[in-house]
Amino acid sequence: MQRARQTTIGGDGRLFERRRTRLRPVKLASLSRRFIDEGLLRDRSKGGARIRRASATALPARFLLLDEGECVFLPVAIVWEDGLELGVRFVGAEIRPTLAEIRRLTGRYYALPE
């Protein structure tokens, strides 16, 4: 059985064309929707994103990315890490957070443990 060959964009193995963003703020949250870290969304494509993290906090292989501009959780998996730069692949459908979750992750004192 032969596997279908995927066409890549450029020489870096990318499946989707990358689009630069305006450094949109994001929050990194566990799958249980608890704060892990914050960062800036640098590039985004249909299949993933590049994030500049605020700290070197250890990350799980999969987590939720809260796009503060669109107010949606994006389930992601880590593809690569280079210092504070992080490449992720989208691994599921967008999730609409509740108002309480948005307030907890973006409101005052969001980084303090509960």
Quiz item: Could you say whether any residue in the range 38-53 is closer than 18 Å to Arg104 by Cα and buried (at least 17 other Cβ atoms within 10 Å of the Cβ)?
Solution: yes
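Assess whether Ser32 counts as being outside any strand (DSSP E or B) and either in contact with a Pro (Cβ under 9 Å, 6 or more places away or on another chain) or within 22 Å of Thr98 (Cα to Cα) (or both). Quick ask: steps written out before the conclusion?
Numbers: outside any strand (DSSP E or B): yes; either in contact with a Pro (Cβ under 9 Å, 6 or more places away or on another chain) or within 22 Å of Thr98 (Cα to Cα) (or both): yes.
Yes, satisfied.
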Quiz item: When the residues of the range 77-96 are filtered to those that are closer than 15 Å to Leu66 by Cα and assigned to a loop (DSSP other than H, G, I, E, B), which remaining residue is farthest from the chain's Cα centre (by Cα)?
Solution: Arg96
Practice problem: Write out, first by first residue and then by second, each pair whose Cβ atoms fall under 6 Å of each other, whose residues are 6+ apart or on separate chains, and whose first residue, in the range 24-46, is more than 15 Å from Ile95 (Cα to Cα) and among the basic types (Lys, Arg) while the second is assigned to a loop (DSSP other than H, G, I, E, B) and at pLDDT below 95. | Solution: Arg24/Gly69; Lys46/Phe16
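Output the residue which, of all residues in the range 79-111 that are aliphatic (A, V, I, L, M) and more than 13 Å from Ala29 (Cα to Cα), is surrounded by the most Cβ atoms within 10 Å (Cβ to Cβ). Step through it out loud before you land on a result.
Here is the first cut: in the range 79-111, the ones aliphatic (A, V, I, L, M) are 79, 84, 86, 88, 91, 93, 95, 99-100, 102, 105, 111.
With more than 13 Å from Ala29 (Cα to Cα) added as a condition, the list becomes 79, 84, 86, 88, 91, 93, 99-100.
On the way: Val79: 14, Leu84: 13, Leu86: 22, Val88: 24, Val91: 12, Ala93: 9, Leu99: 8, Ala100: 10.
Among those that are aliphatic (A, V, I, L, M) and more than 13 Å from Ala29 (Cα to Cα), it is Val88.
Report the residue count in the range 23-37 for those that are charged (D, E, K, R) and surrounded by 19 or more Cβ atoms within 10 Å (Cβ to Cβ).
Of all residues in the range 23-37, those charged (D, E, K, R) come to 24, 27, 33-34, 37.
Right, trim to surrounded by 19 or more Cβ atoms within 10 Å (Cβ to Cβ) and you get 27, 37.
Of the residues in the range 23-37, 2 are charged (D, E, K, R) and surrounded by 19 or more Cβ atoms within 10 Å (Cβ to Cβ).
The values are calculated or read from the model by the stated rules, or taken from the named source; none is laboratory data. Keep in mind the model is a prediction, meaning the values are calculated, not measured. Methodologically, a virtual Cβ is constructed for each residue, glycine included, from the backbone with ideal geometry; neighbour enumeration extends over all protein chains shown.
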